[in-house]
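Down below is the structure, laid out as structure tokens.
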């Protein structure tokens, strides 16, 4: 956890070490941004190409992903503090609750982005629309929920 | 991790214990579904009300969330195995890669849903559109990315 000082009027909470569940990084994300001040606030479909580089173990799990134009990417915002209850986005003392922001600072700093799939080259998935730092650990890739239709059989009484 | 047997042609991988990052459950989700076979495949806006019950620690972090009609909810699919590289949704031997599915079975079993915010009652956030089991651990709540505009000042050279 970073030790960035809270801003005026931001509220922190004393937390025990987290121990509820553990993540397994499945790769790393390469973006053009190596400093937080350069990252866009939100990814854009016309943004630069970024690369999701999977650990070789997970490459077989990409089979079929090429059918989707838009995918959802989950990543671990490893440089974020986790104890802010309220945050002051403009550093002016005006705060809002952490859950009313998409700030990287959250109790579980997981970023989610919907991105355009550009191409898949072996263990590399090239996308546009990310906003995270170069070197961010990758957690998951899934078809975007808007484009995805469940592939399992329909359930009784549930319209497909 | 569950020990559900893989289905025909599904591929698993031997994994060490995960140790990359730890999650901290911030509450629990209550839904009408106590058995996986009853859960909808995907949440629906006309689905039943479900309740996100926050640990009291985190209630101040809800301030301002009431401004959003649609929110994103992240949760930990704690009954999912994590080692499937390919999966057979119809149990018929035809498989597709885990990253080309929105199955709960994934290396990091994090569910993401976009839901309608119905109301906030103290530590309870009532929503429609979830698809997870009753008792699922809650990881995060954020404004849906489609509705959210960054509250921090614009950055040089980036259109807002």
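Tabulated values for the structure
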{"item": "Residues of region A:35-45 that turn out to be farther than 16 Å from residue B:145 by Cα, touching a residue at least 40 places away in the same chain (Cβ under 8 Å) and facing chain B (nearest Cβ under 10 Å), as a count", "result": "1"}
{"item": "Check on residue B:56, more than 7 Å from chain A (Cβ to nearest Cβ) and buried (at least 19 other Cβ atoms within 10 Å of the Cβ)", "result": "no"}
{"item": "Region A:119-143, residues that are part of a loop (DSSP other than H, G, I, E, B) and either under 15 Å from residue A:49 (Cα atoms) or at pLDDT below 95 (or both)", "result": "A:129, A:130, A:131, A:132, A:133, A:134, A:135"}
{"item": "Identity of the residue in region A:121-159, more than 10 Å from chain B (Cβ to nearest Cβ) and touching a helix residue (DSSP H, G or I) at 6+ places or on another chain (Cβ under 8 Å), that ends up farthest from residue B:141 (Cα to Cα)", "result": "A:122"}
{"item": "Failed item in (1) at pLDDT below 85; (2) farther than 30 Å from residue B:85 by Cβ, with residue A:32 passing the rest", "result": "(1)"}
{"item": "Residues being more than 19 Å from residue A:22 (Cα to Cα) and either modelled with pLDDT of 95 or more or loosely packed, with under 10 Cβ neighbours inside 10 Å (or both) - total across region B:1-28", "result": "1"}
{"item": "Residue A:116 vs. criteria in a strand (DSSP E or B), at pLDDT 95 or above, in contact with a strand residue (DSSP E or B) (Cβ under 7 Å, 6 or more places away or on another chain) and more than 10 Å from chain B (Cβ to nearest Cβ)", "result": "yes"}
{"item": "Unique match (being at the interface with chain B (Cβ under 9 Å from one of its Cβ atoms), buried (at least 16 other Cβ atoms within 10 Å of the Cβ) and either farther than 30 Å from residue B:27 by Cα or out of contact with any strand residue (DSSP E or B) (no Cβ under 7 Å at 6 or more places or on another chain) (or both)) among A:61, A:100", "result": "A:61"}
{"item": "Residue that is surrounded by the most Cβ atoms within 10 Å (Cβ to Cβ) [pool: residues in region A:81-97 that are facing chain B (nearest Cβ under 7 Å) and in a loop (DSSP other than H, G, I, E, B)]", "result": "A:85"}
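The values are calculated or read from the model by the stated rules, or taken from the named source; none is laboratory data. None of these values were measured; they are calculated from a predicted model. Reconstructed Cβ throughout: ideal geometry from the backbone, glycine too, with neighbour counts over all protein chains shown.
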